[in-house]
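First comes the structure, then the notes that go with it.
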Number of protein chains: 2
Amino acid sequence: MTSNPESLQYRRARALGPASRLFYREPLHIVRGIGTSLFDADGVEYLDAYNNVPVVGHCHPRVVDAQNRQAGLLNTHTRYLSDHIVDYAERLLATFPADLSNIMFTCSGSEAVDLAVRIARHGRAGTGIIVTENAYHGTTAAVAAISPSLGTGQPLGADVRVVPSPHRLDDVASAFPAAVQTAVDDLNRHGHGVAAFIADSIFSSDGVVSDPVGFLCGAAEVVRSAGGLYIADEVQPGFGRTGAHMWGFDRHHVVPDMAVLGKPMGNGMPIAATVLRPDLAEQFGSQIRYFNTFAGNPVAIAAADAVLDVIEDEELIGNAQRVGAYLKSQLQRMSSDLPRISEIRGAGLFLGVDVVDDDGRPDRGEADRLVNGYRDARVLIGSAGQGNSVLKIRPPLPFSMNDADRFLTVTEQLLASR
Amino acid sequence: MTSNPESLQYRRARALGPASRLFYREPLHIVRGIGTSLFDADGVEYLDAYNNVPVVGHCHPRVVDAQNRQAGLLNTHTRYLSDHIVDYAERLLATFPADLSNIMFTCSGSEAVDLAVRIARHGRAGTGIIVTENAYHGTTAAVAAISPSLGTGQPLGADVRVVPSPHRLDDVASAFPAAVQTAVDDLNRHGHGVAAFIADSIFSSDGVVSDPVGFLCGAAEVVRSAGGLYIADEVQPGFGRTGAHMWGFDRHHVVPDMAVLGKPMGNGMPIAATVLRPDLAEQFGSQIRYFNTFAGNPVAIAAADAVLDVIEDEELIGNAQRVGAYLKSQLQRMSSDLPRISEIRGAGLFLGVDVVDDDGRPDRGEADRLVNGYRDARVLIGSAGQGNSVLKIRPPLPFSMNDADRFLTVTEQLLASR
């Protein structure tokens with residue numbers, strides 16, 4: 001941090017405190033965005049290959065117009081009747097398997113995960129939750145306690161068990177369900193029982209794991225046999241990002257008991273939701289009222305509805321599949337003879353690139369060099385996985401073939417430069 | 001609920017499930033709002049004497065313009081530098097006592113309470129939380145567990161203790177701290193220790209308790225002596241509502257260790273915050289990162305900043321004091337010979353009216369009749385307190401003397417009509 005007390009970075013740290021971190025060795029001061037471009041305070045343009053919240057592109061005019069129009073008419077809560085929320089709920093639920101026919105709105109993905117876990121624990125005999133070893137599900141107390149990626153400063157709940165990130169397993173299709181079974185057995189042995197297994201359908205914080213398709217099915221069966229629920233965390237993969245499908249769990253041909261939505265839902269407007277089986281909504285809701293003041297307000301709904309319009313009209317799911325497949329194949333070609341890039345994983349416009357050292361071990365330092373190297377070359381990506389050694393490529397969905405070529409050109413230079 | 005499957009109410013219940021409740025026997029379908037007026041789908045106008053979220057009035061043009069302008073420029077997260085959030089943080093913190101010099105942004109008051117409780121428990125030896133008997137602090141799992149007003153369907157945490165609503169105590173200034181001491185002793189006896197005492201500074205869900213001024217001081221001393229923190233929940237009283245002061249705790253001449261802000265902060269844009277002592281922010285933040293995707297985004301900050309502009313320029317705190325005092329005195333005059341109205345409490349534009357039966361016991365039925373009677377007379381209020389027997393009057397702060405007279409005319413008719 002700069003020590004100049006006049007500087008924005010110093011003032012920020014002084015007011016917001018140390019929990020609030022910035023990206024990059026040399027942080028960016030972003031002031032404007034459009035499509036897949038972000039601009040800093042000096043007018044320098046960056047290609048955004050990182051942000052999934054602006055799923056239809058930064059400041060998409062249709063989304064901005066819809067939310068701005070509504071902001072001038074009415075912005076209130078859901079204890080009055082409103083067409084907007086009901087029309088949107090029906091439209092969104094139509095993209096889910098028929099069993100998932102109820103939706104409860106929240107403000108953030110964290111609140112939606114918190115609610116899903118709360119509902120799971122409310123109605124089951126057990127309270128145990130099973131997550132992957134580097135899972136991140138959000139910020140509330142209950143959700144931080146099921147988020148091992150927050151590190152050892154944040155204790156996990158006594159009734160929380162972790163299973164390995166699937167890409168570390170040799171025969172995922174059998175080993176992953178077996179790991180979940182081991183966790184179930186341990187929870188039962190300690191008297192906790194099982195409420196739910198929750199997993200990000202693309203395992204973003206575990207380093208992006210997309211394949212083999214179908215390995216989530218066995219895990220879901222195991223947890224249901226133990227009396228628990230399978231919760232699909234769609235905060236990152238949802239809304240078409242993985243290409244060809246609206247939801248990450250669709251790729252695995254599995255139907256969860258609940259799905260949790262967030263980040264891209266309103267293209268930046270705070271809106272999120274828990275989608276669930278009606279019997280679960282009934283069991284919880286008949287005993288406990290749930291009112292979330294800002295959740296499902298008409299301005300957020302207007303943005304969310306326009307997001308669905310744009311995804312459809314601009315065929316963004318197809319674009320995610322096409323451009324994502326191109327990116328992945330080009331990255332694979334480019335790195336095939338590079339020992340420091342051990343694997344490219346992912347689906348659609350959500351890719352993870354494993355960076356390793358000469359002995360094949362995760363190399364955080366080199367990943368950090370690359371992330372900052374991209375930044376200096378005006379391309380924004382991030383990192384994920386244990387030790388942040390996996391490059392995370394997760395752009396807005398209008399990412400074009402030209403954007404992909406620009407990204408690949410920078411990649412080629414960076415990989416050659418070490 | 002209507003059984004017509006085409007009706008909005010039927011479709012709403014089918015999609016959103018039973019946890020999501022509507023106001024009034026005959027729910028309202030609101031489509032437009034301006035100032036202190038709401039309009040239903042048939043164009044009928046209602047005087048809003050209930051909603052505190054639109055603190056500067058529904059769809060205030062300065063707030064709408066500010067957020068709309070920003071929505072077209074950039075809406076991203078706080079891991080890039082931004083002037084907006086830092087300028088606003090400094091401006092808002094200047095309204096707090098000097099000890100409270102850090103702020104962490106969230107999307108909702110629930111998230112802010114959850115974070116405050118998480119921080120309190122993280123750094124203390126004890127985990128115990130003390131709340132009032134009908135407290136409501138929000139929706140997350142951890143916060144629902146300290147919200148007894150959710151009813152017996154929602155279990156309280158094993159380390160949660162309740163103290164009586166202060167207005168039920170005879171000598172509040174000594175009895176309230178004594179009740180907190182009893183809770184401290186019981187938490188210690190059970191081995192939980194004490195992390196925090198948290199109270200809404202106007203005790204909204206307990207039925208609105210404003211006086212005697214200063215009774216929170218003793219409670220804060222007791223909990224600090226036990227090693228715990230005092231958290232002021234300002235989600236309802238904050239931003240000038242109680243008149244003469246920006247924050248509800250100011251009225252009591254007490255400085256909390258943390259304050260939690262929410263509802264009115266962005267006039268409907270989802271934005272909330274935990275304001276805290278820097279040593280608490282350091283203790284937590286040096287060990288655990290906190291990133292909340294939508295929190296403190298520039299669109300929400302633009303709305304929140306405009307809210308402060310309007311509160312200042314339209315002198316809304318003075319208006320709250322002036323119109324609130326008039327309303328309170330007129331209600332007292334009007335009800336002085338009515339045995340069914342036992343007490344009028346509150347400060348500024350936050351009033352509670354105790355409705356009792358002929359034996360002086362809380363009368364939910366009569367309160368419900370009145371709330372729905374106001375609605376039929378096109379005035380919106382709500383209810384609070386144990387058994388919802390207290391009328392809750394909590395309008396947007398631009399509530400004028402004319403609005404007050406309209407409210408009082410309806411009140412006079414309703415009180416005469418039984």
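The values are calculated or read from the model by the stated rules, or taken from the named source; none is laboratory data. Keep in mind that this is a model prediction, so the values were computed, not measured. No Cβ is skipped: glycine too gets one built from the backbone with ideal geometry, and neighbour counts run over all protein chains shown. Side chains are part of the model used for accessible areas, which takes the heavy atoms of the whole protein and leaves out ligands, DNA and RNA. Shrake-Rupley method; radii C 1.70, N 1.55, O 1.52, S 1.80 Å.
Numbers at a glance
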{"read-out": "Pairs, first over 19 Å from B:Thr182 (Cα atoms) in segment B:120-133, second open to solvent by 50 Å² or more (accessible area, probe 1.4 Å), C-beta under 6 Å, six or more apart", "value": "B:Arg121/B:Thr127; B:Gly123/B:Gln283"}
{"read-out": "Conditions (1) in a loop (DSSP other than H, G, I, E, B); (2) open to solvent by less than 10 Å² (accessible area, probe 1.4 Å); number of the one not met by A:Pro97", "value": "(2)"}
{"read-out": "Any hit, segment B:290-305, residues being at the interface with chain A (Cβ under 9 Å from one of its Cβ atoms), outside any helix (DSSP H, G or I) and surrounded by fewer than 21 Cβ atoms within 10 Å (Cβ to Cβ)", "value": "yes"}
{"read-out": "Qualifying positions in segment B:67-105 - within 17 Å of A:Pro18 (Cβ to Cβ) and not charged (D, E, K, R)", "value": "B:Thr78, B:Leu81, B:Ile85, B:Val86, B:Ala89, B:Leu93, B:Leu100, B:Ser101, B:Asn102, B:Ile103, B:Met104, B:Phe105"}
{"read-out": "Unmet requirement for B:Ala244, which otherwise passes all of (1) among the aliphatic types (A, V, I, L, M); (2) modelled with pLDDT of 95 or more; (3) open to solvent by 10 Å² or more (accessible area, probe 1.4 Å); (4) over 15 Å from B:Val53 (Cα atoms)", "value": "(2)"}
{"read-out": "Residues satisfying the stated conditions in segment B:1-35, i.e. under 27 Å from B:Ala404 (Cβ atoms), open to solvent by 40 Å² or more (accessible area, probe 1.4 Å) and more than 10 Å from chain A (Cβ to nearest Cβ)", "value": "B:Arg25, B:Glu26"}
{"read-out": "Residue within segment B:397-410 that is hydroxyl-bearing (Ser, Thr, Tyr), more than 17 Å from B:Tyr326 (Cβ to Cβ) and surrounded by fewer than 23 Cβ atoms within 10 Å (Cβ to Cβ) present", "value": "no"}
{"read-out": "Residue among B:Gln321, B:Gln330 that is at pLDDT 95 or above, polar (S, T, N, Q) and open to solvent by 50 Å² or more (accessible area, probe 1.4 Å)", "value": "B:Gln321"}
{"read-out": "Residue satisfying condition, being in contact with a helix residue (DSSP H, G or I) (Cβ under 9 Å, 6 or more places away or on another chain), assigned by TED's automatic domain parsing to the domain that holds B:Met265 and within 30 Å of A:Leu156 (Cβ to Cβ), within set B:Arg118, B:Arg79", "value": "B:Arg118"}
{"read-out": "Filter result for A:Phe105 (within 23 Å of the chain's Cα centre (by Cα), within 30 Å of A:Val184 (Cβ to Cβ) and touching a residue at least 40 places away in the same chain (Cβ under 8 Å))", "value": "no"}
{"read-out": "For B:Gly352: the one exception among (1) more than 30 Å from B:Arg25 (Cβ to Cβ); (2) open to solvent by less than 10 Å² (accessible area, probe 1.4 Å); (3) away from chain A (no Cβ under 14 Å)", "value": "(1)"}
{"read-out": "Boolean, A:Val235 is within 13 Å of another protein chain (Cβ to nearest Cβ), assigned to a strand (DSSP E or B) and either open to solvent by 10 Å² or more (accessible area, probe 1.4 Å) or of a type outside the set (Gly, Ala, Ser) (or both)", "value": "no"}
{"read-out": "Hits in segment B:369-388 (condition: in contact (Cβ under 8 Å) with a residue 60 or more places away in the chain, open to solvent by 10 Å² or more (accessible area, probe 1.4 Å) and under 24 Å from B:Asp200 (Cβ atoms))", "value": "B:Val371, B:Gln386"}
{"read-out": "Some residue of segment A:220-229 being outside any helix (DSSP H, G or I), in contact with a helix residue (DSSP H, G or I) (Cβ under 6 Å, 6 or more places away or on another chain) and of a type outside the set (Gly, Ala, Ser)", "value": "yes"}
{"read-out": "Test: residue in segment A:200-207 that is outside the structural domain of A:Lys328 (by TED's automatic domain parsing), modelled with pLDDT of 95 or more, open to solvent by 10 Å² or more (accessible area, probe 1.4 Å) and not small (Gly, Ala, Ser)", "value": "yes"}
{"read-out": "Verdict on A:Thr140 being within 23 Å of the chain's Cα centre (by Cα) and within 9 Å of another protein chain (Cβ to nearest Cβ)", "value": "yes"}
{"read-out": "Residues being open to solvent by 10 Å² or more (accessible area, probe 1.4 Å) and outside any helix (DSSP H, G or I) - total across segment B:105-132", "value": "4"}
{"read-out": "Residues of segment A:211-221 satisfying the condition of being crowded, with 24+ Cβ neighbours inside 10 Å and either more than 19 Å from A:Val275 (Cα to Cα) or not small (Gly, Ala, Ser) (or both)", "value": "A:Leu216, A:Ala219"}
{"read-out": "One residue from B:Ala66, B:Ala19, B:Ala94, B:Ala49 being assigned by TED's automatic domain parsing to the domain that holds B:Cys107 and touching a helix residue (DSSP H, G or I) at 6+ places or on another chain (Cβ under 6 Å)", "value": "B:Ala66"}
{"read-out": "Residue within segment A:36-49 that is open to solvent by less than 50 Å² (accessible area, probe 1.4 Å), at pLDDT 95 or above and within 7 Å of another protein chain (Cβ to nearest Cβ) present", "value": "no"}
{"read-out": "Residues within segment A:306-318 that are in a helix (DSSP H, G or I) and open to solvent by 60 Å² or more (accessible area, probe 1.4 Å), tallied", "value": "2"}
{"read-out": "All positions within segment B:355-404 that are more than 20 Å from B:Asn52 (Cα to Cα) and either within 17 Å of the chain's Cα centre (by Cα) or in a strand (DSSP E or B) (or both)", "value": "B:Val355, B:Val356, B:Pro362, B:Gln386"}
{"read-out": "Every residue from segment B:354-403 that is more than 21 Å from B:Phe39 (Cβ to Cβ) and among the polar types (S, T, N, Q)", "value": "B:Ser383, B:Gln386, B:Asn388, B:Ser389"}
{"read-out": "Matching residues in segment A:60-75 - criterion: being buried (at least 22 other Cβ atoms within 10 Å of the Cβ) and either over 28 Å from the mean Cα position of the chain (by Cα) or assigned to a loop (DSSP other than H, G, I, E, B) (or both)", "value": "A:His60, A:Leu74, A:Asn75"}
{"read-out": "Filter pass, B:Ile146 being assigned to a loop (DSSP other than H, G, I, E, B), buried (at least 20 other Cβ atoms within 10 Å of the Cβ), more than 7 Å from chain A (Cβ to nearest Cβ) and of a type in the set (Val, Ile, Thr)", "value": "yes"}
{"read-out": "Any chance B:Leu338 is aliphatic (A, V, I, L, M), in a helix (DSSP H, G or I), outside the structural domain of B:Glu111 (by TED's automatic domain parsing) and touching a residue at least 12 places away in the same chain (Cβ under 8 Å)", "value": "no"}
{"read-out": "Output for segment A:250-279, where each listed residue is facing chain B (nearest Cβ under 9 Å), under 15 Å from the mean Cα position of the chain (by Cα) and not in a strand (DSSP E or B)", "value": "A:Gly262, A:Lys263, A:Gly266, A:Gly268, A:Pro270, A:Ile271"}
